[in-house]
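Following: one structure in structure tokens, then a few remarks.
The values are calculated or read from the model by the stated rules, or taken from the named source; none is laboratory data. Please read these numbers as outputs of a predicted model, since none were measured by experiment. So basically every Cβ, Gly included, is an ideal-geometry build from the backbone, and we count neighbours across all protein chains shown.
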Amino acid sequence: MAGEPRSRARRTGGVVTWHLVRTENKPAGKPVEKPTQQAPLRAAAPPVERDHDKAAAGPLQKDGASAGKDRMLRINASRLDRLMGLAGETLVESRWLTPFATSMNRVKRRQGELIAALDNLRESLSGVTVSDYAASLFKDVEHKANECRSMLSERMTDLEQFDRRTSNIANNLHHEAIASRMRPFSDGVQGLQRLVRDLARQLGKKAKLDIHGANTQVDRDVLEKIKAPLDHMIRNALDHGIDTAEERALLGKPEVGSIRLEAFHNAGMLSIVMADDGRGVDLDRLRDKIVAKGLVNQEMAGHLSDSELLEFLFLPSFSTRDSVTDMSGRGVGMDVVHDTVKEMGGMVRATSVLGKGMRIQMQLPLTLSVLRALLVKIGGESYAFPLARIDRILKLPRSSIEMLENQQYFTLQGDHIGLVSGCQVFGKRAPEKKPKELPVIVVADRNGRFGLVVDEFIGERELAVQVLDSRLGKVKDVSAAALLEDGAPTLIADIDDVVRSIDKLVNEAQLRKVDSDYTTTTASRKRILVVDDSITVREVERNLLKACGYDVEVAVDGMDGWNAVRSGMFNLVITDIDMPRMDGISLVTKMKGDDKYKAVPVMIVSYKDREEDRRRGLSAGADYYLTKGSFHDETLREAVIDLIGEAL
């Protein structure tokens, strides 16, 4: 609208610079931005500091001098983050009014039922003689009940109006706060034109960079993180892709090579596409390189599709070049791009046509503070799966489930997709109701695709990400949390961690059928954690205890064991003493020093029957000390039974 100022933010270091641009020569007003995305819900932030020493302000000119010019306001980035946190909290608090209004409507209905009951009572007493005093009391009760109904109706109307106004204001504040984080894509690619000119000159090539979608709005944190990947992709395109002028002339291509960089919003995500018209990738040569490096055998390489072959370009230290150059990353492969994008919850894919060029597409969240996710139920609890990591969702008829090498799978577009129970992965009780069609989330990673069976799909949501308390450590299979519209918490799944959990289940042959009740067979068993850096000892102990009916998990050292203790519930921990990163004595000390875990029995098992180790272990709080020479008799089993009883 004419006369309203528009705002644009630019970040320099830890300071955000705001440009307030007028559309007419009118007195200054408050900057209003069109909302582009939701703001994050964070823990309540401390009050915003009001001293002006820490946030330097740009010069403010008088209206006559500043008419039609930019006004600049510098705001510390952390202060802006606190403001956004408060906006998120306001939105959450405003939504509590809706369930309160719903409960008040129930009270209103009950009051209507009370008045109806009084009417029925009056009719039933119409033929009965009562004293004047009783009649007066009854009439007074009716009057007060009707008066209360009238007052409640008026207040309910006021409450509903207040709810709507508060929700609208909170939503507007929410949108404006997230809009303050957004910057045009052009702010993050300002130096790329010069980079292309300089590198092309050094390489003796001719190339130009065309940037499309320069005004596409991107979260400032996303923009900062993609600078290095974009720089690397440009270098690769010039060094590996773009032909020399002589080669292009022989191929009938224009003398000047073209690199196209485009940013656009797509289905609530940010898509960044870089394409060149260079050599492309020789897939046959790439296949030979993969075999030569021993990544796959010749037979398997022959069955890889074009897209699967190109995925190898994103492996660490993988390059199609035999020699290392300074231009394209000194031999560092495209894993730089892949790892950065994956860290942000996105994905990257490549396509190529030999002699025509290569195309790389990054799909990223619009903002790192707001996540577009699929909300599902697993074991009766809600979990959120980032949309960027989901290949597809489907309802799978049970008749489509097949068995291969004792593992369930289904066929999708000619591929065998393994099925995994979400309840088993997250350690939840499987629902009693067995639907005819299974809700399945198909998730893709570098090694393939798998189908995670959930209880039900709830729907797509935009969630404000909240980082888990650092005191929790790394929670298994979970990356963060969020609050739903009704204030209920939900956990955001860590897809990479979920993949590792599934690989562990497969490798240990513990994967169960998706229609079996995981917890009815395991939750009632006592759980034991075995911590040992020797794979041989771990397997011996695990097999001995599993044969006794216990549910056993393993950890490779004390640090891994401590993380496992904090992310699971165990009836007993069995640990070695000498281990890397954290030894067994330190693990026992940590457990016994924490009120949450000090009641868990700990058994120390050591190769070395040294009295010093025995004293240290028992002094730290260990409940039992055993030498590993006792594995081959009943001593270990009896010690475990003595501490926690039989398995069931």
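Table for the structure above
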quantity	calculated
Of residues in segment 195-219 being outside any helix (DSSP H, G or I) and of a type in the set (Val, Ile, Thr), the one nearest to ALA177 (Cα to Cα)	VAL218
Residue list for segment 227-259, filter: touching a Leu at 6+ places or on another chain (Cβ under 8 Å) and among the basic types (Lys, Arg)	ARG235
Hits in segment 157-187 (condition: within 25 Å of the chain's Cα centre (by Cα) and within 30 Å of LEU261 (Cβ to Cβ))	HIS175, GLU176, ALA177, ILE178, ALA179, SER180, ARG181, MET182, ARG183, PRO184, PHE185
Condition check for PHE410: touching a His at 6+ places or on another chain (Cβ under 9 Å) and surrounded by 18 or more Cβ atoms within 10 Å (Cβ to Cβ)	yes
Any pair with Cβ under 9 angstrom, 6 or more apart, that starts in segment 82-106 at a residue that is part of a helix (DSSP H, G or I) and ends at one that is among the basic types (Lys, Arg)	ARG82/ARG42; MET84/ARG42; MET84/ARG181; GLY85/ARG42; LEU86/ARG42; GLY88/ARG42; GLU89/ARG42; MET104/ARG155
Leading residue by the ranking (surrounded by the most Cβ atoms within 10 Å (Cβ to Cβ)) among those in segment 310-367 that are over 23 Å from ALA444 (Cα atoms) and at pLDDT 85 or above	GLY357
Index of the failed condition, ARG183 passing every other in (1) touching a Lys or Arg at 6+ places or on another chain (Cβ under 9 Å); (2) part of a helix (DSSP H, G or I); (3) among the charged types (D, E, K, R)	(2)
Residues of segment 269-288 classified as surrounded by fewer than 19 Cβ atoms within 10 Å (Cβ to Cβ) and in a helix (DSSP H, G or I), total	5
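Matching residues to (1) of a type in the set (Val, Ile, Thr); (2) part of a helix (DSSP H, G or I); (3) in the same structural domain as LYS377 (by TED's automatic domain parsing):
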site	(1), (2), (3)
ALA388	no, yes, yes
HIS416	no, no, yes
VAL425	yes, yes, yes
ARG449	no, no, yes
